[in-house]
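Notes follow the structure.
Here, each number is a calculation from the coordinates, and none is a lab measurement. Worth saying up front: this structure is predicted, and the values here are computed from it rather than measured. Cβ placement follows ideal geometry from the backbone for every residue including glycine, while neighbour counts extend to all protein chains displayed.
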Amino acid sequence: MATRNANNTIDWGVYNYGATMTSWTVTADADVSAEINPGEEMEKVVETMCQHGTFVGLSDHATGGTVFTMVLENSSWDDAAAVQAALRLLGGNFATCTVA
């Protein structure tokens, strides 16, 4: 499997899309605004979400770095409850997260 360049971070507020988009507002358990490098929590979130769609981007984080909106195109996630259950399985700052 190819590895990501250590300088290839996941950026807040950047979107790339071309098909139907779906968004979810995620409230993490703690500040995740700095968890953007390879191997950190936001990479795990993106990989989890990409199981059912194409990752488009994240809004700028808010409320102390705990609240952000995630956008996918061509999503096949059933609903926010399914996304919430999947993210909670990651543990860490997402162990009791909420998704709307």
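Side notes on the structure shown:
- Residue that is nearest to residue 30 (Cα to Cα), among those in region 55-88 that are free of Cβ contacts under 8 Å to residues at least 24 places away in the same chain and assigned to a loop (DSSP other than H, G, I, E, B): 79
- So residue 71, is it touching a Gly at 6+ places or on another chain (Cβ under 7 Å) and of a type in the set (Val, Ile, Thr): yes
Conditions tested, residue by residue: (1) surrounded by fewer than 17 Cβ atoms within 10 Å (Cβ to Cβ); (2) out of contact with any Cys (no Cβ under 9 Å at 6 or more places or on another chain).
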site	(1), (2)
39	yes, yes
42	no, yes
53	no, yes
61	no, yes
68	no, yes
78	yes, yes
81	yes, yes
87	no, no
94	no, yes
